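One structure is given here, and the rest of the page talks about it.
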Amino acid sequence: MIAAGLLDSRLNLDPGSWLAWIVVGLIAGAIAARVVAGRGFGCLADIVVGVAGAIIGGFLLSSLFGMTGNVGFFGSIVVAFIGAAALLAVLKLVSGGRL
């Protein structure tokens, strides 16, 4: 009962297939890398940063701001960008500006 309530209150990122997740990760990771670090990290690293950003962004927006619902493909890019930018900002802070 409690678990069902917790699952219903989450932000649902559902861009589609695994190929859509790669595209979302690539776009969001590349944009976040250029915004935070001033340069991209390459296709594979941008995908990893973007997919990790989607997970982090979904968690942040649902737990901190109480956002719920399905955001679709373009909403997933925005959420993944927010999470990827937060991830890279923390990494930049921890690494002393070397990113």
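In table form, for the structure just shown:
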{"item": "Positions within segment 40-90 being among the polar types (S, T, N, Q) and within 13 Å of residue 22 (Cβ to Cβ), in sequence order", "result": "76"}
{"item": "All positions within segment 79-99 that are buried (at least 16 other Cβ atoms within 10 Å of the Cβ) and part of a helix (DSSP H, G or I)", "result": "79, 80, 81, 82, 83, 84, 85, 86, 87, 88"}
{"item": "Considering residues of segment 60-77 that are loosely packed, with under 13 Cβ neighbours inside 10 Å and part of a helix (DSSP H, G or I) only, the residue nearest to the chain's Cα centre (by Cα)", "result": "74"}
{"item": "Which numbered condition residue 39 misses (of (1) at pLDDT 80 or above; (2) exposed (fewer than 13 other Cβ atoms within 10 Å of the Cβ); (3) part of a helix (DSSP H, G or I))", "result": "(3)"}
{"item": "Any hit, segment 19-26, residues being at pLDDT below 90, in a helix (DSSP H, G or I) and of a type in the set (Gly, Ala, Ser)", "result": "yes"}
{"item": "Tally of residues being touching a residue at least 24 places away in the same chain (Cβ under 8 Å) and surrounded by 17 or more Cβ atoms within 10 Å (Cβ to Cβ) across segment 42-59", "result": "10"}
{"item": "Hits in segment 56-99 (condition: of a type in the set (Ser, Thr, Tyr) and closer than 15 Å to residue 25 by Cβ)", "result": "76"}
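The values are calculated or read from the model by the stated rules, or taken from the named source; none is laboratory data. Quick caveat: nothing in here was measured; it's all calculated off a predicted structure. Using ideal geometry, Cβ is built from the backbone for each residue, glycine included, and neighbour counts are taken over all protein chains shown.
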